[in-house]
Amino acid sequence: MKAKKLKEGIYWVGAIDWNVRNFHGYLTQRGTTYNAYLIIDEKITLIDTVKPGFENEMLARISTIIDPSKIDYVVSNHVEMDHSGALPVIMEKAPNAKIITCPKGDEGLRLHYKKDWDFKIVKTGDSISIGKRNLQFVLTPMVHWPDNMLTYVPDEKLLFSNDAFGQHLATSVRFDDEYPNDITMLEARKYYANIVLPYPGPVRKALEATANIDIEIIAPSHGIIWRQNVEKIVDEYHNWVSNKVDKKALIIYDTMWKSTEKIAKEIQYIFEDAGYAAPVFNLQFNHMSDIMTEVLTAEFVCIGSPTLNKNILPSVAGFLTYFQGLAPKSRKGIAFGSYGWGDQSIPKISEFLKNSGIEIIDAYKVKYIPDSNDLANIRERLTEKLNK
Ligand code: FEO
């Protein structure tokens with residue numbers, strides 16, 4: 001278990017989680033990593049730790065460089081336990097170490113671990129010398145917890161960005177130039193869509209705060225380290241936070257007897273005929289977190305469910321709950337579905353979308369099985385809306 005050198009005296013000492021497949025409902029089909037970094041200077045400094053259960057993997061990597069008891073500072077950029085979970089073990093090994101964190105980090109770590117550790121509190125603009133190098137701190141609250149901060153090493157042009165710019169991606173290599181970039185970018189997009197999306201204001205502030213610093217390497221707390229595509233991933237964050245959408249309509253549904261599916265297919269064909277990309281996602285076969293990756297750049301979100309017991313199908317309800325929490329901005333929506341004797345699913349979907357901030361442009365319901373007249377009617381109404 002080797003540490004991996006980023007720069008002279010700076011090492012990745014994290015852990016690789018090859019098997020994790022569920023991260024709070026997010027399908028991590030490629031696993032993830034918990035990235036911790038070690039800086040060898042007059043003050044030995046550890047940047048973040050790893051998830052509980054991976055302590056020994058991190059300690060083994062640190063031990064290839066230095067005795068863990070020699071750690072002087074532990075920078076905690078984020079309280080969430082995938083990064084702070086090994087603090088108790090580190091603090092046991094290095095009881096005199098100081099934990100450097102922001103005020104919300106101090107509060108969160110005390111509430112998590114109930115330990116009287118030696119905390120040094122920093123705020124944006126503060127700088128700490130660790131010997132030849134300085135650490136500068138930028139607080140980035142709500143990207144995506146109140147306690148998030150970035151640590152920048154100007155002498156190395158190195159930004160430890162914690163969750164920002166991360167990807168859930170387990171790999172044997174550590175750098176973006178060593179791995180297929182399309183996969184890294186796809187996983188970065190998925191990460192943004194499923195974790196960072198609800199916080200556009202804080203993300204904008206974080207991007208502004210880092211706009212004028214010289215960055216050669218972005219070392220996030222998950223996945224691949226950016227050194228070849230720094231500009232590209234920062235540009236993508238600017239695009240995603242600005243809510244730029246493609247000419248794309250998503251059709252997301254579940255179906256009982258394929259009647260709602262017939263409506264879904266008609267909506268797909270209408271959008272395609274109007275020049276839109278129109279990917280279709282049956283919720284029986286597609287994971288909600290993969291669908292959210294597509295939502296990130298979609299202009300329209302069309303959601304369908306038949307009525308079941310005066311309600312919507314549980315798969316659609318689950319997706320809408322997840323969608324509402326992530327709250328994508330500036331999208332247009334359509335509700336659709338078939339019904340037998342009660343048509344409750346369609347107003348329920350419309351209400352859900354409205355409460356998520358989506359502009360509803362229409363709703364289509366069909367009693368039992370759609371025939372050619374029903375589908376023609378939907379075509380006429382939707383085509384008219386798209387031509388407006
Ligand atoms: Fe990777 Fe918010 O923790």
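The values are calculated or read from the model by the stated rules, or taken from the named source; none is laboratory data. Keep in mind that what you see is a predicted model, and the values were worked out from it rather than measured. Don't worry about glycine lacking a Cβ; one is built from the backbone with ideal geometry, like all the others, and counts go over all protein chains shown.
Numerical summary
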item: Pairs, first on the phi > 0 side of the Ramachandran plot in the range 29-46, second outside any loop (DSSP other than H, G, I, E, B), C-beta under 6 Å, six or more apart; result: Gly31/Asp17
item: Test: residue in the range 186-196 that is aromatic (Phe, Trp, Tyr), more than 21 Å from the chain's Cα centre (by Cα) and either surrounded by 19 or more Cβ atoms within 10 Å (Cβ to Cβ) or more than 25 Å from Leu326 (Cα to Cα) (or both); result: no
item: Qualifying residue in the range 187-206 (condition: touching a residue at least 40 places away in the same chain (Cβ under 8 Å), within 16 Å of the ligand (Cβ to nearest atom), in a helix (DSSP H, G or I) and polar (S, T, N, Q)); result: yes
item: Pair list, Cβ < 6 Å and 6+ apart or interchain, from the range 151-169 residues that are small (Gly, Ala, Ser) and assigned to a strand (DSSP E or B) to residues that are within 11 Å of the ligand (Cβ to nearest atom) and modelled with pLDDT of 95 or more; result: Ser161/Pro220
item: Residue in the range 300-322 that is in a strand (DSSP E or B), modelled with pLDDT of 95 or more and over 23 Å from Ala376 (Cα atoms) present; result: yes
item: Residue that is in a loop (DSSP other than H, G, I, E, B), over 24 Å from Ile195 (Cα atoms), away from the ligand (no atom under 12 Å from the Cβ) and free of Cβ contacts under 8 Å to residues at least 24 places away in the same chain, where the choices are Gly131, Gly125; result: Gly125
item: Selection count, the range 75-94, where residues are of a type in the set (A, V, I, L, M, F, W, C) and within 16 Å of the ligand (Cβ to nearest atom); result: 5
item: Residue identified as at pLDDT below 95, closer than 23 Å to Lys51 by Cα and either in contact with a strand residue (DSSP E or B) (Cβ under 7 Å, 6 or more places away or on another chain) or in a loop (DSSP other than H, G, I, E, B) (or both) among Val173, Val143; result: Val143
